[in-house]
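Comments concern the structure below.
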Amino acid sequence: AAAEAFEDALINGQVSGLIDVGYTATTPQGLCDGFRKMASMSSLLQLDISGALEIADLIAVRKKMGKWGMRPSDTIIIAGYKAYNDIVGFEQTNATDKYVFPDSTGLTPKVFGMDVIPSALLADVAATGLVAGSGNDKGQLLMVHKPSFVVGVRRNFTVETDRDITTQSNKVVASFRRDFQALE
């Protein structure tokens, strides 16, 4: 649960202004501004793809990244279920001499050398690119330059337990202290 909460914060965090319907400061999204929030601040960081995702669309997204999209080892693709299924459905998915193929474990697809990471927390959005009250039927993906971000760790994951003899129950509290920031 803690790992999923942190993933949610990295992807959907929105501290400095609301972007989605249903946000509350007490959710994991209140930890930091995440990738989607940062991308929503500039139309230069967004690309609207109509229809199914294709190789050409990924090239267009990478072009938008400019110099930050040059090194495949520094770039990852975080894909919601629609984009992820489009990617693994590419003709080239299982052809190692083409663009998209699994790594040596067969678990993580790569596109042009970039890891493709599926995330159920990258929800469908409306045509605006945001989660709305209705009309959330568009999939999404994020292409991220990893060295441009840093995760600060003040305290690692800690689990504490206490026995409450009045209710004859054990109380378990798990916590961690982290922060996430863009370097530029």
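The values are calculated or read from the model by the stated rules, or taken from the named source; none is laboratory data. What you see is a predicted model; the values in this text were computed from it and never measured. Virtual Cβ from ideal backbone geometry, glycine too; neighbours counted across all protein chains shown. Calculation scope for accessible area: heavy atoms of the full protein, side chains included, ligands and nucleic acids excluded. Shrake-Rupley method; radii C 1.70, N 1.55, O 1.52, S 1.80 Å.
In segment 59-76, the count of residues that are of a type in the set (Val, Ile, Thr) and modelled with pLDDT under 85 is zero. If you go through segment 134-184 and keep only what is free of Cβ contacts under 8 Å to residues at least 40 places away in the same chain and among the acidic types (Asp, Glu), you end up with Asp137, Glu160, Asp162, Asp164, Glu184. Of the residues making up segment 60-82, those that are hydrophobic (A, V, I, L, M, F, W, C), assigned to a helix (DSSP H, G or I) and in contact (Cβ under 8 Å) with a residue 24 or more places away in the chain number 2.
Within segment 137-157, can one find any residue that is at positive phi and either not hydroxyl-bearing (Ser, Thr, Tyr) or not in a strand (DSSP E or B) (or both)? There is no residue in segment 137-157 that is at positive phi and either not hydroxyl-bearing (Ser, Thr, Tyr) or not in a strand (DSSP E or B) (or both). Any idea which of Val144, Val100, Val111, Val125 is open to solvent by less than 70 Å² (accessible area, probe 1.4 Å), at pLDDT 85 or above and under 18 Å from Ile77 (Cα atoms)? Going through Val144, Val100, Val111, Val125 in turn, the sole match is Val144. Could you list, in sequence order, all residues of segment 35-67 that are within 18 Å of Lys110 (Cβ to Cβ) and open to solvent by 80 Å² or more (accessible area, probe 1.4 Å)? Residue satisfying the conditions is Glu54 alone. Apart from one condition, Cys32 fits all of (1) of a type outside the set (A, V, I, L, M); (2) crowded, with 19+ Cβ neighbours inside 10 Å; (3) in a helix (DSSP H, G or I); (4) at pLDDT below 85; the exception is (3).
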